[in-house]
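Student: Structure incoming, see below.
The values are calculated or read from the model by the stated rules, or taken from the named source; none is laboratory data. Worth saying up front: this structure is predicted, and the values here are computed from it rather than measured. Note: ideal-geometry Cβ built from the backbone for every residue, glycine included; neighbour counts use all protein chains shown.
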Amino acid sequence: MATRREWPHVSVAGYDSDGLALGLAKERGVLTHLCADAREAAAGADLVVISTPVRSISGLVQECMAAEPSPRLITDLGSTKTQVLRELDSQSRSSFIGGHPMCGGETAGVRYARPNLFDGATYFLCPPEELPDELFEFMHSFVSCLGARPITIEPETHDRIMALISHVPHVLANVMMSEVGSFEHRGRRALYCTGPSFRELTRVAGANPTMWREIFLENREALVESLRTVATNIHMFCDDLEREDELGVAGAIAKAAAYRQELLHKGDLEPAALYQITVRIPDEPGLLSRVMTALGDANINIEDLTLHHYSRKVGGDLVLYVTGEGTAATAGAVLETMGFPTVSVPAEQAVDR
């Protein structure tokens, strides 16, 4: 969809093992031609994009390479790179470049596709040594035209980073969800006592078991190393607690706070200028859309938001982040006018339980 937004008359042939998904792709205008298999879809293509579970990627690269005429360039969207490149022979690597866009959402499949998904997103490219310069330049330009920011990275470095920022959080979310779900004391289950912090921490728990099983196993070397490092840090924090080492505990928190501020600065957000607005809204169809429309009509830019849903009866807390005290006051007034009391505090002072 992003490609056809940039080049409306481009031909996009496609294949999927799910016939219903393939039909929906044609119906929504994602594809211009439906194919019976991957080889047919790849024949004569300027670019082949493989978007499948990671363990099937190398086999599909070889299948597409066997198409007549052979495609010019093949790429993938998988979140691990080292093993895929290990499994390809030199000839395949001369026509393949690893790709991994850092974007997406909780919903999956062509039904939820949108052309602006890549806008402003980091897009990692892992070119093998065998790849000709002109093909790398072609892919780099293509990614830029989609609206993404291409970044060249070595496969091993990519997988180490992904282990830390993506795969470890999924493991921890699964572990915490299982631990809390199974904990009961004197007839009271911990699962029924959770608040927004726990819900946000475990948002990705249980996500797509088939896909994540393959990712964990495919990137197991980097993932195990990262998990052991995290476990060591947890043990060190436990030691500080047992010793009642206030400086050690405070130091761990301060270190995390400093890195958090650096992360916000990297995203062009000034932590000191951010305000958190919390508003309880009922569970009503279309209400969130009306709230956001009202704020938009007041020219209020939302830097970030989270919805902590409790139940259909209670509704949930909508947590908004805006820049500046004046903007926060205006947003609060808009929401108060709609009948929703708000609490606004500087983001640095916010406590999310």
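Student: Output yes when any residue across region 194-207 is modelled with pLDDT under 95, under 23 Å from Ile253 (Cβ atoms) and acidic (Asp, Glu), and no when none is.
Tutor: Of region 194-207, the ones modelled with pLDDT under 95 are 194-207.
Okay, now just the ones that are also under 23 Å from Ile253 (Cβ atoms), so 194-203.
Imposing the further condition that a residue be acidic (Asp, Glu) reduces the set to 200.
Within region 194-207, one or more residues are modelled with pLDDT under 95, under 23 Å from Ile253 (Cβ atoms) and acidic (Asp, Glu).
Student: Please go through region 121-174 and pick out each residue that is basic (Lys, Arg) and more than 23 Å from Asn208 (Cα to Cα).
Tutor: Residues of region 121-174 basic (Lys, Arg): 149, 160.
The one that is basic (Lys, Arg) and more than 23 Å from Asn208 (Cα to Cα): Arg149.
Student: Have a look at Val314, Val345, Val334 and point out the one that is within 26 Å of Ala257 (Cβ to Cβ) and among the β-branched types (Val, Ile, Thr). Steps first, answer last, please.
Tutor: On the way: Val314 fails: within 26 Å of Ala257 (Cβ to Cβ); Val334 fails: within 26 Å of Ala257 (Cβ to Cβ).
Criteria check complete, one pass: Val345.
Student: Pairs only if they're at least six apart or on different chains, beta carbon under 8 angstrom, first in region 4-26 and within 13 Å of Gly109 (Cβ to Cβ), second assigned to a loop (DSSP other than H, G, I, E, B); list them, first residue then second.
Tutor: Between residues of region 4-26 that are within 13 Å of Gly109 (Cβ to Cβ) and residues that are assigned to a loop (DSSP other than H, G, I, E, B), the close pairs are Ala21/Gly109; Leu22/Tyr15; Leu22/Asp16; Leu22/Leu31; Ala25/Asp16; Ala25/Leu31.
Student: In addition: Report, ordered by the first and then the second residue, all pairs with beta carbons closer than 9 Å, sequence separation of six or more or different chains, a first member in region 182-196 that is over 14 Å from Tyr310 (Cβ atoms) and in contact (Cβ under 8 Å) with a residue 40 or more places away in the chain, and a second member that is in a strand (DSSP E or B) and aliphatic (A, V, I, L, M).
Tutor: If the second residue must be in a strand (DSSP E or B) and aliphatic (A, V, I, L, M), no pairs are left.
Student: List the strands (runs of 3 or more DSSP E) inside region 1-108, counting only whole elements, that have at least 2 residues being within 30 Å of Arg203 (Cα to Cα), outside the structural domain of Glu200 (by TED's automatic domain parsing) and among the β-branched types (Val, Ile, Thr).
Tutor: 48-50
Student: Being among the aliphatic types (A, V, I, L, M), under 23 Å from the mean Cα position of the chain (by Cα) and farther than 14 Å from Pro101 by Cβ is the filter; apply it to region 43-59 and report the residue that is modelled with the lowest pLDDT.
Tutor: Val54
Student: Mind listing whichever residues of region 109-137 are part of a helix (DSSP H, G or I) and within 27 Å of Arg28 (Cβ to Cβ)?
Tutor: Going through region 109-137, the residues part of a helix (DSSP H, G or I) turn out to be 110-112, 133-137.
Of everything in region 109-137, those that are part of a helix (DSSP H, G or I) and within 27 Å of Arg28 (Cβ to Cβ) turn out to be Val110, Arg111, Tyr112.
Student: Only one of these conditions is not met by Asp240: (1) under 26 Å from Ala121 (Cβ atoms); (2) outside the structural domain of Val345 (by TED's automatic domain parsing); (3) surrounded by 15 or more Cβ atoms within 10 Å (Cβ to Cβ). Which number is it?
Tutor: (1)
Student: Can you confirm whether region 230-249 contains a residue that is in contact (Cβ under 8 Å) with a residue 24 or more places away in the chain, under 23 Å from Ala333 (Cα atoms) and within 23 Å of the chain's Cα centre (by Cα)?
Tutor: Checked against the condition, which is being in contact (Cβ under 8 Å) with a residue 24 or more places away in the chain, under 23 Å from Ala333 (Cα atoms) and within 23 Å of the chain's Cα centre (by Cα), region 230-249 yields no hits at all.
Student: OK, next. Taking the residues in region 342-353 that are in contact with a helix residue (DSSP H, G or I) (Cβ under 8 Å, 6 or more places away or on another chain) and at pLDDT 70 or above as candidates, determine which candidate is farthest from Pro282 (Cα to Cα).
Tutor: Residue satisfying both the conditions and the ranking: Glu348.
So that you can scan it fast, the table gives a plain yes or no per residue for (1) within 11 Å of Val322 (Cα to Cα); (2) under 23 Å from the mean Cα position of the chain (by Cα):
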site: Ala273; (1), (2): yes, no
site: Ile281; (1), (2): no, no
site: Glu284; (1), (2): no, no
site: Thr293; (1), (2): no, no
site: Asp304; (1), (2): yes, yes
site: Leu307; (1), (2): no, yes
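Student: Within region 108-136, take every residue that is under 18 Å from Thr3 (Cα atoms) and of a type in the set (Gly, Ala, Ser) and give me the one that is surrounded by the fewest Cβ atoms within 10 Å (Cβ to Cβ).
Tutor: Gly120
Student: Still on this structure, I have one more. Among residues belonging to region 2-22 that are surrounded by 16 or more Cβ atoms within 10 Å (Cβ to Cβ), at pLDDT below 95 and among the aliphatic types (A, V, I, L, M), point out the one that is farthest from Asp119 (Cα to Cα).
Tutor: For region 2-22, the residue satisfying everything is Leu22.
Student: Okay, moving on. Anything in region 27-52 that is basic (Lys, Arg) and farther than 10 Å from Val110 by Cβ? List them, or say none.
Tutor: Residues of region 27-52 basic (Lys, Arg): 28, 39.
Scanning region 27-52 gives a single hit, Arg39.
Student: Could you pull out the residue among Leu295, Leu335, Leu318 that is within 19 Å of Arg203 (Cβ to Cβ), outside the structural domain of Leu201 (by TED's automatic domain parsing), surrounded by 14 or more Cβ atoms within 10 Å (Cβ to Cβ) and out of contact with any Gly (no Cβ under 9 Å at 6 or more places or on another chain)?
Tutor: Leu318
Student: Moving on to the next point. So, of the residues in region 147-197 that are under 20 Å from the mean Cα position of the chain (by Cα) and part of a strand (DSSP E or B), which turns out to be farthest from Cys126 (Cα to Cα)?
Tutor: Among those that are under 20 Å from the mean Cα position of the chain (by Cα) and part of a strand (DSSP E or B), it is Arg149.
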